[in-house]
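Read-outs throughout are calculated quantities, based only on the coordinates presented, and are distinct from any laboratory measurement. These figures come from a predicted structure and were not determined experimentally. Every residue, glycine as well, gets a Cβ built from its backbone with ideal geometry; the counts of neighbours run over all protein chains shown.
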Amino acid sequence: MKLGTETLDGAQSKVHAAFQIAIDAVAAKSLDTLDGLLRNHPPIPAILIFDRTFMLTGDTEGSHAVLLHSYDRKHERVDVIDPSLPLRGRPSAYVKAEFEGGWRLLQNLTIIVHPVDIDIKSQTTSIAAVKSESLLDYIEANER
Amino acid sequence: MTTIAIEEIQSPEAFVMCRLARRIGVNIRPGEAVYDKERLLWKVPLRAVVTSQVAPKDRPSKRFVYDFKNIAEALVEQDGDQYHMRHFPNAEFLEDYLVREFDTLTEKIENVILSYDNEVWGQFTYVRTFLRPVYDIVTNALTERKLSLDFIEQTGKHSGHYVQMLLDMGLLEIDENQPRQVRASNELTRLHERVYRFDTKFDVFNVASAVAGRIFSSQYRRIRNEFKIYSPTAYVDATKAYYLDAVRMGERIPMTEKELYQKFRIVGHRNPYESKNFKFKTIISEVVGGKLLERDADDNVIGSKSIFDKVMPFQDEIVKAAPEI
């Protein structure tokens, strides 16, 4: 009887652990680096926070969140699920260069929601201690 | 266990942005980091971005943003390619700072609203509820010849302070022979006569209402900050929320109650105190009844022309703080 209870508890805790999720905020270096999330089965949703006002009009100080659906490297196109667009729940295409402009203003902020048994590991690169250029220049230089 | 490696931007700003996203929200953003060679730390200034939108029915909507620069500073230590947070302001500190900044920006508009008709404030429900001791003191002072301070102190938490305010305003005076007793001054009696002359119904409560209005109008910040009585401030903040946008737009724009409610939550930094039968709509109705705001034919809220003319001189200041985007 005691053993049965323990088993049941163990099973419950396993089920509970499977549904536990973690939320991470990362400043992804570029859209390429998020490929790992899209290629995973099932894919892990990445929420991209960007300045939509800047993307659309060139003025700063807006913010908006979309879900990354896919990234077409060949055609330089980002497919996102944007809840504010009429095609709610279906991907809409943004031009990569325009999208990245707005995304950079918020330091490429990306929120990753994932089950706890998938580890999101930050792979860092070194940076000079004293900055001689602006952040945008730095990112552009490192992306080439 | 699956591991996904993500290459991250390595900069103090990006490090601070991730921390902000986790703990505060994206309305607070990092500025450009400066390296402090003496302390061997990155100093990242933080700024707050509060967007606001005005959507008139007959014209395209306008968006503008309140940008408060250098509201705080994050200190980041660099160890090779790793960053460590040395100092990061907490959400409460940032909230308090923002509330103070916003109050300073809107203080002049608030003063105009408060002083427009100082006696009207006493007619509002929350003022009557939360400034109850003032009504007790004034009605008792008018119906009884003398009023004992010992009795007054039992009537409410801040009664002693209210008596002092009434003494300072010259509406009560201390009895020369009995220092622990106060009585109505000549000015309070004159106010009584004036209310009697213009009111259809003789009632000392109307006098108390006018006095409470004067106290609320003149001691507004003390009541809010020192006595921590927040509910009646909803009338001021709701009115201020309207005129702030009207001044920003340069005209008396019609605004729906729902839109004003959203503005109020930004200006008032909170939800209003509501009960089952007393909602934000009731607050607006009372403000309209007090002629601080008006209603147009479509039942939209619209500003009073005389108040609007008084707050318009502050337009430059507001436009500078909140440019259009």
Two-site FRET efficiency, A:K74 against B:I266, from Cβ-Cβ distance with R₀ of 56 Å, rounded to 0.05: 0.80
Reach of B:K291 by Cα under 17 Å, taken over lysines that are not fewer than 8 positions away in the same chain: B:K240, B:K281, B:K305, B:K310
Within the protein assembly as shown, the percent of DSSP beta bridges that are antiparallel, given to the nearest 5, stands at 90 percent
Each label point is 7 Å from the Cα along the Cα-to-Cβ direction; what then is the distance between the points at B:D168 and B:R180, in nm? 2.5 nm
Hey, fewest Cβ within 10 Å first, where do B:I137, A:I21, A:I81, B:I307 land in order? A:I21, A:I81, B:I307, B:I137
Counting other Cβ atoms within 10 Å of each Cβ, which chymotrypsin sites (Phe, Trp or Tyr not before Pro) in the range B:151-213 have at most 13 and sit in a DSSP loop? B:F202
Footprinting exposure proxy for A:T110, A:T60, B:T106 (fewest neighbouring C-beta atoms within 10 Å first): A:T60, B:T106, A:T110
For the range A:25-93 and the range B:296-325, what is the separation of their C-alpha centers, rounded to whole Å? 38 Å
What are the ³J(HN,Hα) values, in whole Hz, obtained from phi via the Karplus relation 6.51 cos²θ - 1.76 cosθ + 1.60 with θ = phi - 60°, for each residue of the range A:104-117 in sequence order, with x given for Gly and Pro? 5, 4, 9, 6, 6, 5, 9, 9, 10, 9, 9, x, 5, 7
If one computes the Cα centroid of the range B:52-97 and of the range B:1-50, what distance in Å separates the two points? 12 Å
Please build a GNM for chain B, connecting alpha carbons under 10 Å apart, and tell me which residue among B:A55, B:A21, B:A141 fluctuates the most. B:A21
If you build the convex hull over the alpha carbons only and average its shadow over all orientations, what do you get for the protein assembly as shown? Give it in nm² to one decimal. 34.7 nm²
If one compares the long axis through the Cα atoms of helix B:91-116 with the longest principal axis of the Cα atoms of chain B, the angle in degrees, nearest 10, works out at 40 degrees
Which of the chymotrypsin sites (Phe, Trp or Tyr not before Pro) found in the range B:206-308 are loop residues per DSSP with 16 or fewer other Cβ atoms within 10 Å of their Cβ? B:F227, B:Y273
Which far-off residues, 5 or more places away or on another chain, put their amide H under 5 Å from the one on A:Y71, with H placed in the peptide plane? A:D79
Determine, for B:E95, B:E259, the number of other Cβ atoms within 10 Å of each Cβ, and report the residues in order from fewest to most. B:E95, B:E259
Near-label residues of the range B:238-273 by backbone N, under 11 Å of a point 7 Å along Cα→Cβ of B:D58: B:254
What distance in nm lies between label points placed 7 Å from Cα along the C-beta direction at B:E38 and B:N70? 1.6 nm
Calculated from DSSP H runs of 4 or more alone, at -39500 (n - 2.57) each and per residue, what is the 222 nm mean residue ellipticity of chain B, nearest 500? -14500 deg cm²/dmol
How long are the three semi-axes of the equivalent ellipsoid for chain B, computed from the Cα gyration tensor as the root of 5 times each eigenvalue, in whole Å, largest first? 47, 26, 16
Expressed in Å to one decimal, the Kirkwood Rh of the range B:12-89 from all distinct alpha-carbon pairs is 14.0 Å
GNM result for chain B, Cα springs below 10 Å: residue of B:E92, B:E119, B:E173 fluctuating most strongly: B:E92
In sequence order, calculated HN-Hα J values of the range B:47-56 (Karplus, 6.51, -1.76, 1.60; Hz; x Gly/Pro): 10, 10, 10, 10, 8, 9, 10, 10, 10, x
